[in-house]
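A.B. asks: Pasting a structure here, questions to come.
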Amino acid sequence: MRNYYIAGNWKMHKTRAEAAALAQALVAQLKDGKHKYLVAPSFTALETVAAIVKGSNILLGAQNMAAEEQGAHTGEVSVLQLKDLGVHTVILGHSERRHTYKEDDGLINKKVQLALQHGLEVILCVGELLSEREAGKAEAVCETQTVQGLAGVAAADFSRVTIAYEPVWAIGTGRTATPEDADAIHAYIRQVIARLYGADAAQQILIQYGGSVKPDNAAQLMAKENIDGALVGGAALKADTFVPIATFQ
Ligand code: PEP
């Protein structure tokens, strides 16, 4: 039986004071929650939120990370700096990084390997564009992003990887994949993992769904056999909408 894992990606929102208020509300309201929880504030609020979630059942995540350990990389944030702030997990390959900031599978793979080498957990996001879905390529796109994103990752490190299936056409659009469609892609990703890491690893890996998850659709999505949680964007910005998702039964 796999655990459920609910993560909130706060994207480029919230000042430190706003982030602190949300983190405090979540610590209080999720303290009896049964699932695995993570919040990923902006870099600027990581230190503030780290102090609030410390000792709670909410893990601290970063939304991105540089592909190099340190050096002349103006504007980037390194794995060493994230660890120094108490970051536990880094979200990599988010569709906004892939499509707006043109990160390719090779770059994302470098980041995945570096994060794992340094002991972090990784949420690797994969997902197809609407045009790719309409062309019948959703499975192939997710397979490529999964295989290339995990290239060179040893089985021992793979246990620290979560995959988030996030169809790009469902992110921030209010359009959600049907639970059946999402489950079919999750099952397909699990098959890909079985090929790469064996049947046990495929049964154990947590695969989150992301894309307009809201309080009123979360339970139906997570009722599906292969959907092990959610990566939540818009609805993660308020305790009123994140807590009902995070405490779904
Ligand atoms: C996301 O950006 O990871 C996401 C799923 O956003 P939203 O929930 O707003 O669609």
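A.B. asks: In what sequence, highest mean first, do 225-237, 27-39 appear when ranked by Cβ atoms within 10 angstrom?
C.D. replies: My ranking of the peptides, most packed first, is 225-237, 27-39.
A.B. asks: Run the numbers on segment 1-87 and let me know its relative contact order in percent, using alpha-carbon pairs under 8 Å that are six or more apart.
C.D. replies: 29 percent
A.B. asks: Run the paramagnetic zone check for N3: 7 angstrom along Cα to Cβ, then residues of segment 213-249 with backbone nitrogen under 20 Å.
C.D. replies: Of the residues in segment 213-249, 219, 222-232, 243-249 have backbone N under 20 Å from the label point off N3.
A.B. asks: In what sequence, highest mean first, do 54-60, 179-185, 72-78 appear when ranked by Cβ atoms within 10 angstrom?
C.D. replies: 179-185, 54-60, 72-78
A.B. asks: Restricting to DSSP H runs of at least four residues, report the calculated mean residue ellipticity at 222 nm for the chain, -39500 (n - 2.57) per run over all residues, nearest 500 deg cm²/dmol.
C.D. replies: The per-residue figure over the chain is -11500 deg cm²/dmol.
A.B. asks: Would you mind getting me the FRET efficiency between V147 and A17? Use the beta-carbon distance for r and R0 = 35 Å, nearest 0.05.
C.D. replies: 0.25
A.B. asks: Also: Can you give the relative contact order of the chain as a percent, counting alpha carbon pairs under 8 Å and 6+ residues apart?
C.D. replies: For the chain, the relative contact order is 21 percent.
A.B. asks: Separate question: Pairs K54/K111; K31/K137; K14/K111; K34/K137; K14/K34; K34/K238: which exceed 30 Å Cα-Cα?
C.D. replies: Check vs 30 Å cut-off fails for K31/K137; K34/K137.
A.B. asks: So what does the Cα-only Debye profile of segment 5-246 read at q = 0.16, 0.18 Å⁻¹, as log10 I(q)/I(0), no solvent term?
C.D. replies: -1.16, -1.49
A.B. asks: Give me the Kirkwood hydrodynamic radius of segment 102-187 in Å, from all C-alpha pairs, to one decimal place?
C.D. replies: 13.7 Å
A.B. asks: Using the per-residue mean of other Cβ atoms lying within 10 Å as a proxy for protection, in what order, highest first, do the peptides 157-163, 4-10, 104-110, 124-130 fall?
C.D. replies: 4-10, 124-130, 157-163, 104-110
A.B. asks: While we're looking at this one, here's another question. Label-point separation (nm) for A184 and A201, each offset 7 Å from Cα along Cα-to-Cβ?
C.D. replies: The two pseudo-label positions are separated by 2.7 nm.
Every number in this text was worked out from the coordinates using simple rules, so none of it is lab data. Remember, predicted model here, so these are calculated numbers, not experimental data. Cβ sites come from the backbone with ideal geometry, for glycine too, and all protein chains shown count toward neighbours.
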